[in-house]
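The values are calculated or read from the model by the stated rules, or taken from the named source; none is laboratory data. This is a predicted model, so every value here is computed, not measured. Cβ sites come from the backbone with ideal geometry, for glycine too, and all protein chains shown count toward neighbours. What goes into the accessible areas is simple: the full protein's heavy atoms, side chains included, and nothing from ligands, DNA or RNA. Shrake-Rupley method; radii C 1.70, N 1.55, O 1.52, S 1.80 Å.
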Amino acid sequence: MNRLLQIIFGLGDTPLTSGGRWRLEWGAVPSGDRALLWIVAIGVAAVGIWWLYRIEAGSQRPRVRLLLGAVRLAVLGAVAVMLLEPILIFSHVEREQSNMIVLLDNSRSMGLRDAWQAQSAGQALADALRLPDGVRDLRKLTRLEQAQRLLDRGLLKELDSNGDRLVHIHPFADRLMEPLENEPKTSDAAAPAKPPLTTDGQSTAIGSAVRQAVLAYRGKPIAGILLITDGQSNVGESAVEAARFAAEERIPFVALGAGTEEGPRNVAIKNIETSPVVFERDHNNVTVLVESSGMPETPATVVFEKRRLGEQQWQEVGREDITLRRDGRLQSASFHYAEEQPGKIELRAKVLDVGPELTQDDNVRVSEVNVVRQKLRVLLIAGSTFPEIQFLRNTLLRDKTMELSTWLQAADNTYEHPGSVPIRRLPSTQDEMNQLDCVILYDPDPEKWPENFPDLLKKFVVQAGGGLIYVAGEMQTLHSFERQAEPGMNWLSLLPVVREPGLFQTEVMMKLSAQTPWSLDATTDGRRDPIFTFAEDPDENQRILETLPGMYWHFPVSRAKPGATILAQHGDPRMRNEYGPDVLLATHLAGPGRTFFVGFDSTYRWRYLDDKYYDGFWTRMIDRAGRNKQLGGNYPFRLALDWPNPHPGTKVTLTARFNDPSDVDPALTTMTGEVEHGDEPPVPLTLMPGKTPGTFESSLTFTQSGPHVIRVWPGESREEQSAKAATLTVDVELPNLEFESPTLDRGRLDAMAVAAHGVAAPLAQGSEAVKTFQIGRIDHVYEQRKEIWNSPVFFGSIFLLLCAEWILRKRFRLI
């Protein structure tokens, strides 16, 4: 039957379902004057037909004329109906699921764990999440995990509304992400939605996420927007403006706040306070500083451990129980330790048994300490015997602050080399060499050294920070400097002076100068240097310097190296060159090691004035030369930034601060450095003297994030390519907006709710808040319009009526 109707009315594939409705409309119904003309035309047509058949069929009975007129009028009526454009409208109603948009914040702040100091609020949320141990379990969950559990424990089912809504869970941080793949697509709301447990977003844009969600679902029925967040919005559009935009689109809005207004809980080891250099077998104090927040009256345990550098196992030294505070003030735990052997050790402090917190990365801190000997270990190597050697050896043997080993190269194999630590050979390995603190070379003969000794000596200074004192002599020094270009003589480059090839001084001049003693002319820098401090009173010290017995012989050099400090010059005005008076005593840093050049060999004559002047001079010079090695082979300065963890684009100041300002060579006017990042070429740095004594500074800006290594050498350039640099590792971090204020911003959520005419509530009240969503399925009326003026029923009717009229006229002999 339906098929027959479709054919008669020319409906094609238009469905004629029993559940649908239909109605007839006219597409060209006249109105106004046109309607009046239609009425007049119909009347005229009726009268015309009546008049026509009265004339043509006047001889017929009235019933025949009426029948013929009715047929003709029916034809005209059918044509009139076609002209009115009849339209059949078929309609049916379909119910469509509305879309529930869940915006789930998965920025880094949602990965925090809160302290839940308000026990009642915490218990309410724990009950809503069905946690068996209440607040204790709640503190173990991150904000995102709490939101996930709330969705899984019934909130998704309520949002689904028995299948009347499609729930779309969109994670967001700085932008809206695609909906989760496992969101419920049917009425089966029991299928849990599992948001990603990773919180990778570096920033949060709540406003942008809301607007993007509205635009993404525009044109679709929206039941509402459910926002689950801690309210921290640090980038993008204003969250309140986005909420107002949702209100203009007439979209219901509910915001659930995750977290607490007090913020997360955390404990951190802020510092391990102890001396960076300690002596063996000493009892050393250590103070561990602990900072805590969000942990009121929480017990914790601080454990202190140590190990030698390179070992795997940590040795526990002690532990102390403390009670954490909520106000963030530092607390301390004190420990003591001693180390029997010299070397580098690591100290580690860690805090235990504090439960869940913001991060555990700062619960451990490691510090490095150098354990040094009580005495300096000194090796004196002499090429031959000389009064200077005899007196110097005896002086050092009497000194209880030193352990002396001596080696006389001119002695035979049966000679017992004297010393508090006698030796039978020179060091042959780097480990043996590095056991020393200072090496004194008196006019040595390099031909009698072991083959690898020059390399050992060089690494001892520029890498291990050992001290080197070179005393020129009349036997071997000139020959050594004449061969300084040979590979085996490169150790001479460690000295603070330069003897250029072709330096010429006549024998006559040397002999004339040596006929009478000439005093040592201490420079201004020399008079301030500790090695020339013979008395506390400056005037008395100057008097002693002027009365020191003079010298006869010296070894001339061209000049001091750039950055080296000249401590004394020759007092004879004839003993000079184009660079100035001959340098007799100079010092500088070669890598982290300090070296001295002594250009004369008659300091023993000072004993005629007083033994203490001679002994003190050498003791102080050896102490200064070997001090860096004793302190672990480090430079006598430390590097620091005014911002330890800068952000890219931040201008910071790098400072090299000498431990003792008196260690700064007065001639040291610049320091050279470089900054290295990854595989990129190092960027050079120049450090200039700072505002305070003993400091050098340089400004720099990091352009990239990640670890950077800063290296610094004293002087205008590296003394040696193999010199160990003073280093500082800097971790350049991107700004972490998420942790700047990691609390629940309830004020922002309330403002959004007001702007959107919605609701803001804590997570614990999520079940009640979502009841404000009233939109479920949406009724959609679908209509199909079919014009039937050209359908077969009309053409067929006209044709049949015309045929019927022709037959009737034929029957009644009208044609």
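Numbers for the structure displayed
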item	result
The range 143-167: number of residues that are crowded, with 24+ Cβ neighbours inside 10 Å and outside any helix (DSSP H, G or I)	2
Matching residues, the range 282-302, being farther than 30 Å from GLN119 by Cα and in a strand (DSSP E or B)	ASN284, ASN285, VAL286, THR287, VAL288
Any hit, the range 755-768, residues being polar (S, T, N, Q), modelled with pLDDT of 85 or more and open to solvent by 30 Å² or more (accessible area, probe 1.4 Å)	yes
Residue list for the range 42-82, filter: more than 24 Å from LYS810 (Cβ to Cβ) and surrounded by fewer than 13 Cβ atoms within 10 Å (Cβ to Cβ)	GLY43, VAL44, VAL47
Pick from the range 429-442, criterion free of Cβ contacts under 8 Å to residues at least 40 places away in the same chain and open to solvent by 50 Å² or more (accessible area, probe 1.4 Å), ranking: farthest from ARG624 (Cα to Cα)	THR429
Selection status of LEU426, in contact with a Leu (Cβ under 9 Å, 6 or more places away or on another chain) and either part of a loop (DSSP other than H, G, I, E, B) or open to solvent by 40 Å² or more (accessible area, probe 1.4 Å) (or both)	yes
Close pairs from the range 151-177: first free of Cβ contacts under 8 Å to residues at least 40 places away in the same chain, partner open to solvent by 10 Å² or more (accessible area, probe 1.4 Å) and among the charged types (D, E, K, R), Cβ under 7 Å, at least 6 apart	ARG153/ARG130
Residue in the range 771-798 that is farthest from GLU94 (Cα to Cα), counting only those that are part of a helix (DSSP H, G or I) and out of contact with any strand residue (DSSP E or B) (no Cβ under 8 Å at 6 or more places or on another chain)	ILE798
Among residues of the range 391-412, those that are free of Cβ contacts under 8 Å to residues at least 12 places away in the same chain and more than 60 Å from the chain's Cα centre (by Cα), counted	2
Hits in the range 468-480 (condition: open to solvent by less than 10 Å² (accessible area, probe 1.4 Å) and touching a Phe, Trp or Tyr at 6+ places or on another chain (Cβ under 8 Å))	LEU468, ILE469, TYR470, VAL471, ALA472, GLY473, THR477
Which numbered condition THR692 misses (of (1) farther than 30 Å from ALA128 by Cα; (2) modelled with pLDDT of 85 or more; (3) polar (S, T, N, Q))	(2)
Among the residues listed as ASN628, ASN634, the single one being among the polar types (S, T, N, Q), assigned to a loop (DSSP other than H, G, I, E, B) and touching a residue at least 40 places away in the same chain (Cβ under 8 Å)	ASN634
Residues (surrounded by fewer than 24 Cβ atoms within 10 Å (Cβ to Cβ), in a loop (DSSP other than H, G, I, E, B) and either without any contact (Cβ under 8 Å) to a residue 60 or more places away in the chain or of a type in the set (Asp, Glu) (or both)) located in the range 574-588	GLU578, TYR579
Of all residues in the range 89-117 being over 16 Å from LEU141 (Cα atoms) and of a type in the set (Gly, Ala, Ser), the one that is most open to solvent (accessible area, probe 1.4 Å)	SER91
Enumeration of residues in the range 76-113 that are of a type in the set (D, E, K, R) and assigned to a strand (DSSP E or B)	GLU94, ARG95, GLU96, ASP105
Search result, residues across the range 654-676 that are over 15 Å from LEU589 (Cβ atoms) and either open to solvent by less than 40 Å² (accessible area, probe 1.4 Å) or among the aromatic types (Phe, Trp, Tyr) (or both)	LEU654, THR655, GLU674, VAL675
Qualifying residue in the range 677-691 (condition: of a type in the set (Lys, Arg), surrounded by fewer than 18 Cβ atoms within 10 Å (Cβ to Cβ) and without any contact (Cβ under 8 Å) to a residue 40 or more places away in the chain)	yes
Any hit, the range 277-286, residues being in contact with a Leu (Cβ under 9 Å, 6 or more places away or on another chain) and within 26 Å of ASN370 (Cβ to Cβ)	yes
Residue that is most open to solvent (accessible area, probe 1.4 Å), among those in the range 395-416 that are within 17 Å of GLY626 (Cβ to Cβ) and β-branched (Val, Ile, Thr)	THR401
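This table checks each residue for (1) among the β-branched types (Val, Ile, Thr); (2) exposed (fewer than 15 other Cβ atoms within 10 Å of the Cβ); (3) at pLDDT 90 or above; (4) under 25 Å from GLY571 (Cβ atoms).
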residue: ALA485; (1), (2), (3), (4): no, yes, no, no
residue: TRP491; (1), (2), (3), (4): no, no, yes, no
residue: LEU494; (1), (2), (3), (4): no, no, yes, no
residue: LEU512; (1), (2), (3), (4): no, yes, no, yes
residue: THR516; (1), (2), (3), (4): yes, yes, no, yes
residue: LEU520; (1), (2), (3), (4): no, no, no, yes
residue: ILE531; (1), (2), (3), (4): yes, no, yes, yes
